[in-house]
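Enquirer: Questions regarding the structure given below will be posed in turn.
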Amino acid sequence: MASDEDFKNDNINMAGDKKDKGCWDEDCDKKGGGPDHKHQEPLFNFNKGQFKFSIWYFVAALIIIMLINSFFTSNTSETVSFSSFKDLISNGTITEVQIGKDYYTGTAGSTGSIPGSQIQVYRTIPVDDPSFIPLLDSKGIKYSAASQRGNSLISMLLGWIIPFALIMVVWRFMFNKMGGSGAGVMSFGKNNAQLVAEGDTGTTFDDVAGADEAKEELVEVVDFLKTPRKYLDIGGKIPKGVLLVGSPGTGKTLLARAVAGSAGVPFFRLSGADFVEMFVGVGAARVRDLFKQAREKAPCIVFIDELDAIGKSRLNVAAGNDEREQTLNQLLVEMDGFSAKSGVIILGATNRPEVLDAALLRPGRFDRQVVVDKPDLAGREAILRIHATDVKMGGDVNLTEIAKSTPGFVGADLANIINEGALLAVRAGRSEVLQEDLMEAIEKTMAGLQKRNRLINKKERKIVAYHETGHALTAAFTDGADPVQKISIIPRGIGALGYTLQTPTEDRFLMTKQELLGKIDVLLGGRAAEEIIFNEVSTGASNDITRATDIARSLITEYGMSDKFENMVLTKRSATFLGQESGMSQREYSETTQQYVDEEVAKIISGRYEQVVKLLKEKSAILESITAKLLEKETITSDEFTQMVGA
Ligand code: ADP
Ligand code: ZN
Ligand code: MG
């Protein structure tokens with residue numbers, strides 16, 4: 001159960017580990033993200049807004065030209081046969097003739113007429129008639145060759161510009177459709193519009209409850225933006241990027257808005273999806289543009305929501321996505337491009353940190369990660385109180401009760417319950433929300449959540465509680481074990497139904513045999529507690545057991561700590577490439593030795609396990625009381641824990 005999160009600060013893989021990891025990242029960077037990586041410039045810099053302007057001016061100019069044209073020239077024009085044309089000249093209707101190459105144009109009425117008055121124009125296709133000019137002369141009609149210039153303007157208009165304009169309009173329309181919710185490539189001006197300064201969103205930290213640790217970290221960020229001197233004078237390093245990590249609906253976006261609301265600095269908000277475009281280069285151009293603006297407006301905050309949309313690991317994508325990769329590279333380049341002193345702080349939010357590219361998490365980029373946990377009992381009640389202020393509540397409403405009935409719910413779910421309750425009250429014709437409305441709302445929401453597998457049942461919850469308490473208690477009574485920082489039965493991340501956090505008191509690079517055995521004890525504590533209480537064990541401990549076994553094996557084969565092969569290494573790790581373990585360890589010993597190793601591992605594990613079971617049985621009273629508290633409150637802090645253990 002505790003799997004991924006258990007013993008987060010495990011230092012068992014000793015010296016060298018960190019350095020190697022760094023190298024690997026470095027390599028990633030050179031492959032893609034380094035400044036020397038050439039990125040394609042977009043064909044047009046669409047998002048500058050100029051293009052959009054010119055096209056609309058152009059269309060307007062076109063319409064004006066056409067209007068003027070029709071205004072000054074013919075209001076009514078009629079095409080007639082050549083013989084009729086000649087008749088009109090003969091009878092004096094036509095008073096002026098323009099002789100063009102393709103047609104003759106005759107104008108009725110006086111030439112000096114006021115512009116805009118009705119002018120009748122006749123056109124005809126000319127016939128090679130030698131008597132035509134003499135006819136004009138005899139009638140005293142003014143004639144001239146048609147101005148080729150005027151014609152060429154009109155023909156250019158008809159032949160080129162109008163079709164071109166039409167194509168543009170169709171093009172634009174098509175891409176708008178393809179681009180979905182208005183994020184089409186051709187919506188040039190959009191990007192700028194999304195860079196909203198949300199300095200006065202009205203959201204403050206008071207609107208966020210139940211995410212106290214995340215809040216604390218972010219309050220510090222706000223403080224830096226307000227009084228950077230305080231930090232810089234003392235030589236402190238300000239984080240460049242802060243990544244909010246947490247399940248959907250835990251309030252990451254809300255927290256970012258609260259930062260903006262409290263900091264009183266410009267706040268640029270963009271969602272990762274906004275960057276990912278159809279055309280290679282557009283997303284990268286947007287990132288560039290965004291950071292240019294941010295630098296101009298510093299101090300400010302850039303918030304990239306749903307970072308995973310662009311930040312997916314480049315290694316895990318089978319078929320490379322050029323566009324996303326370029327956008328990500330651009331983001332990395334930009335983040336390297338300014339110093340922490342420049343006053344631009346980047347906030348990121350994601351609910352899938354595990355898919356993020358390692359390069360994003362390197363120092364100098366998102367160097368701080370803030371976990372936004374699902375709220376515990378107290379947190380849920382606080383969140384309910386915040387949202388209840390907007391709704392008329394009846395006298396019988398008991399929010400503590402509601403909080404107790406909603407384990408596993410996140411802030412968004414709770415906000416939804418209040419809202420749903422209000423709707424139910426209205427439907428029942430009441431003017432205020434009653435407890436029964438809220439309970440019904442819980443049931444409705446619960447059904448949906450269960451489908452999405454986000455809630456665990458009561459029995460499992462109990463198992464998790466005993467399991468985690470088992471870890472924590474073993475740690476408390478094992479010499480040299482890292483102190484327990486927090487116990488929680490709130491699911492966190494994938495597959496972890498609960499977790500026990502231990503913080504090492506100091507950085508460790510060396511460990512004694514006794515400490516390694518202590519680690520095994522703590523790992524086995526979870527399952528031991530399960531067995532003591534339920535008389536059976538669950539699959540939840542599989543990760544614990546894997547790690548315990550690994551440590552036991554290393555003790556014998558790598559650290560030379562077994563009785564039979566004291567001070568001997570039995571395996572040799574094959575050469576590593578940039579810190580990546582090839583995963584193959586060469587066996588340099590016989591079958592019999594292998595058998596000895598296996599037996600010895602089994603002996604260590606079972607010996608330790610027995611001891612842990614004995615310990616926990618002795619402490620069963622504390623085990624029960626802590627578990628009860630954990631089931632009630634869902635999280636136990638280090639202070640509470642120390643107090644209860646009485647150590
Ligand atoms: P996320 O970005 O983590 O998915 P949001 O910030 O969009 O979650 O949360 C959605 C809504 O749920 C918020 O607008 C708010 O009304 C409510 N909410 C979520 N978490 C909290 C919280 N910790 N305190 C108060 N309201 C919350
Ligand atoms: Zn565990
Ligand atoms: Mg969000």
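The values are calculated or read from the model by the stated rules, or taken from the named source; none is laboratory data. Keep in mind the model is a prediction, meaning the values are calculated, not measured. A quick note on method: Cβ atoms are made from the backbone with ideal geometry, for glycine too, and the neighbour counts reach across all protein chains shown. For accessibility, only protein heavy atoms count, side chains too; no ligands or nucleic acids. Shrake-Rupley method; radii C 1.70, N 1.55, O 1.52, S 1.80 Å.
Enquirer: Kindly indicate which of A382, A388 is open to solvent by 20 Å² or more (accessible area, probe 1.4 Å) and either β-branched (V, I, T) or within 30 Å of V221 (Cα to Cα) (or both).
Expert: Details: A388 fails: open to solvent by 20 Å² or more (accessible area, probe 1.4 Å).
Matching residue, one of A382, A388: A382.
Enquirer: Please go through (1) away from ligand 3 (no atom under 16 Å from the Cβ); (2) farther than 14 Å from F291 by Cα; (3) not hydroxyl-bearing (S, T, Y) for L331 and return the number of the only condition it doesn't satisfy.
Expert: (2)
Enquirer: Within the stretch 218-253, track down each residue that is within 14 Å of A349 (Cβ to Cβ) and either surrounded by fewer than 18 Cβ atoms within 10 Å (Cβ to Cβ) or within 16 Å of ligand 2 (Cβ to nearest atom) (or both).
Expert: We begin by selecting, within the stretch 218-253, every residue within 14 Å of A349 (Cβ to Cβ); these are 218, 221, 241-253.
Selection gives P248 alone.
Enquirer: Same structure again: From the list L501, L570, L578, which residue is over 25 Å from S606 (Cα atoms), aliphatic (A, V, I, L, M) and at pLDDT below 85? Write out each step before concluding.
Expert: Values: L501 fails: over 25 Å from S606 (Cα atoms); L570 fails: over 25 Å from S606 (Cα atoms).
Only one candidate qualifies: L578.
Enquirer: Considering only residues of the stretch 288-312 that are open to solvent by less than 20 Å² (accessible area, probe 1.4 Å) and over 18 Å from the mean Cα position of the chain (by Cα), which is farthest from V221 (Cα to Cα)?
Expert: Top of the filtered list is D289.
Enquirer: Could you tell me which of the residues R295, R286, R269 is farther than 28 Å from V208 by Cα, touching a strand residue (DSSP E or B) at 6+ places or on another chain (Cβ under 7 Å) and away from ligand 2 (no atom under 16 Å from the Cβ)? Before the answer, list the steps.
Expert: Numbers: R286 fails: touching a strand residue (DSSP E or B) at 6+ places or on another chain (Cβ under 7 Å); R269 fails: farther than 28 Å from V208 by Cα.
Only one candidate qualifies: R295.
Enquirer: Working only within the stretch 120-134, note down all residues that are of a type in the set (D, E, K, R) and open to solvent by less than 60 Å² (accessible area, probe 1.4 Å).
Expert: Step one: list which residues in the stretch 120-134 are of a type in the set (D, E, K, R), which gives 123, 128-129.
Within the stretch 120-134, D129 is the sole residue that qualifies.
Enquirer: Filter the stretch 331-356 down to residues that are open to solvent by less than 10 Å² (accessible area, probe 1.4 Å) and closer than 20 Å to V282 by Cα, then give me how many there are.
Expert: Within the stretch 331-356, residues that are open to solvent by less than 10 Å² (accessible area, probe 1.4 Å) and closer than 20 Å to V282 by Cα number 3.
Enquirer: Which condition from (1) under 28 Å from G470 (Cβ atoms); (2) at pLDDT 85 or above is the one that M561 breaks?
Expert: (2)
Enquirer: Does T549 satisfy being open to solvent by 60 Å² or more (accessible area, probe 1.4 Å) and out of contact with any strand residue (DSSP E or B) (no Cβ under 7 Å at 6 or more places or on another chain)? Before the answer, list the steps.
Expert: Numbers: open to solvent by 60 Å² or more (accessible area, probe 1.4 Å): no; out of contact with any strand residue (DSSP E or B) (no Cβ under 7 Å at 6 or more places or on another chain): yes.
In short, no.
Enquirer: Mind counting the residues in the stretch 450-498 that are modelled with pLDDT under 80 and acidic (D, E)?
Expert: Residues that pass the stated criteria total 0.
Enquirer: Still on this structure, I have one more. Only residues in the stretch 348-365 that are in the same structural domain as A256 (by TED's automatic domain parsing) and over 12 Å from V242 (Cα atoms) count as the first member; pair them with residues that are within 16 Å of ligand 1 (Cβ to nearest atom) and of a type in the set (S, T, Y), Cβ under 7 angstrom, at least 6 apart or cross-chain, and list the lot.
Expert: The qualifying pairs are N351/S247; L356/T350.
Enquirer: Among the residues of the stretch 254-263, write down those that are more than 21 Å from M335 (Cβ to Cβ) and open to solvent by less than 60 Å² (accessible area, probe 1.4 Å).
Expert: Of the stretch 254-263, the ones more than 21 Å from M335 (Cβ to Cβ) are 254, 257-258, 261-262.
Residues satisfying the conditions are A258, G261, S262.
Enquirer: Of all residues in the stretch 504-543 being in contact with a Lys or Arg (Cβ under 7 Å, 6 or more places away or on another chain) and modelled with pLDDT under 90, which is surrounded by the most Cβ atoms within 10 Å (Cβ to Cβ)? Before the answer, list the steps.
Expert: Quick first cut of the stretch 504-543, residues in contact with a Lys or Arg (Cβ under 7 Å, 6 or more places away or on another chain) only: 517, 520-521, 523-524, 532, 537, 541.
Of the ones still in play, those that are also modelled with pLDDT under 90 are 537, 541.
Working: V537: 16, A541: 26.
The residue in question is A541.
Enquirer: Then there is this: Have a look at G281, G320 and point out the one that is modelled with pLDDT under 80 and crowded, with 20+ Cβ neighbours inside 10 Å. Give the derivation first.
Expert: Numbers: G320 fails: crowded, with 20+ Cβ neighbours inside 10 Å.
Going through G281, G320 in turn, just one is modelled with pLDDT under 80 and crowded, with 20+ Cβ neighbours inside 10 Å: G281.
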